[in-house]
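To start, the structure itself, in structure tokens.
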């Protein structure tokens, strides 16, 4: 499983092997149930049990602002801040020609269909890696003819970080994305 190293995988395997048969069956049933219940929101692409998802269905959210992210896990990270009150659009990844992932493999066309219907701003919150940056630039170019405000989340130094240990790209971005007080 992604993000699980050899030692953790071994611990999990031995845990499952030690489970009594009824608990192992219950565990397996739960995995199948989750796989069958969880669907993709037809509007934003987020994972959900209902369609549309609770965020897209919420009349208190600002539906004129769309935050574009790569994965559903990014939505959970942004929602934890309690700062963002708009809606989301999940791409399902980022452009990566070396991995064979092009524009048609992502939910870019559905984003472009959403924008003309009263959207005032698109916030690009792709990951600050080469692929995420390329994806943000590509989407920005596609959105230009639609005359919608396009912004990018700021990047820079983490709270509690030391300047001397920051890499050159992070420091450059922190200077570029500085705000006026």
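The values are calculated or read from the model by the stated rules, or taken from the named source; none is laboratory data. Please read all numbers here as calculations on a predicted model, not as lab measurements. For neighbour counting, all protein chains shown are included, and Cβ atoms are generated from backbone atoms with ideal geometry for every residue, glycine included.
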Query raised in the report: Just one of 34, 75 is at pLDDT below 95, more than 18 Å from residue 138 (Cα to Cα) and out of contact with any helix residue (DSSP H, G or I) (no Cβ under 9 Å at 6 or more places or on another chain); which is it?
Result: 34
Query raised in the report: Can we say residue 151 is out of contact with any helix residue (DSSP H, G or I) (no Cβ under 9 Å at 6 or more places or on another chain), without any contact (Cβ under 8 Å) to a residue 24 or more places away in the chain and surrounded by fewer than 14 Cβ atoms within 10 Å (Cβ to Cβ)?
Result: no
Report summary line: Within the range 104-135, residues without any contact (Cβ under 8 Å) to a residue 40 or more places away in the chain and either buried (at least 19 other Cβ atoms within 10 Å of the Cβ) or out of contact with any helix residue (DSSP H, G or I) (no Cβ under 7 Å at 6 or more places or on another chain) (or both) come out as 104, 105, 106, 108, 109, 113, 117, 129, 130, 131, 133
Requested in this report: Within the range 88-118, track down each residue that is over 22 Å from residue 76 (Cα atoms) and assigned to a loop (DSSP other than H, G, I, E, B).
Outcome: 100, 102, 115, 116, 117, 118
Report summary line: Among residues of the range 16-48 being on the phi < 0 side of the Ramachandran plot and touching a strand residue (DSSP E or B) at 6+ places or on another chain (Cβ under 7 Å), the residue surrounded by the most Cβ atoms within 10 Å (Cβ to Cβ) is 44
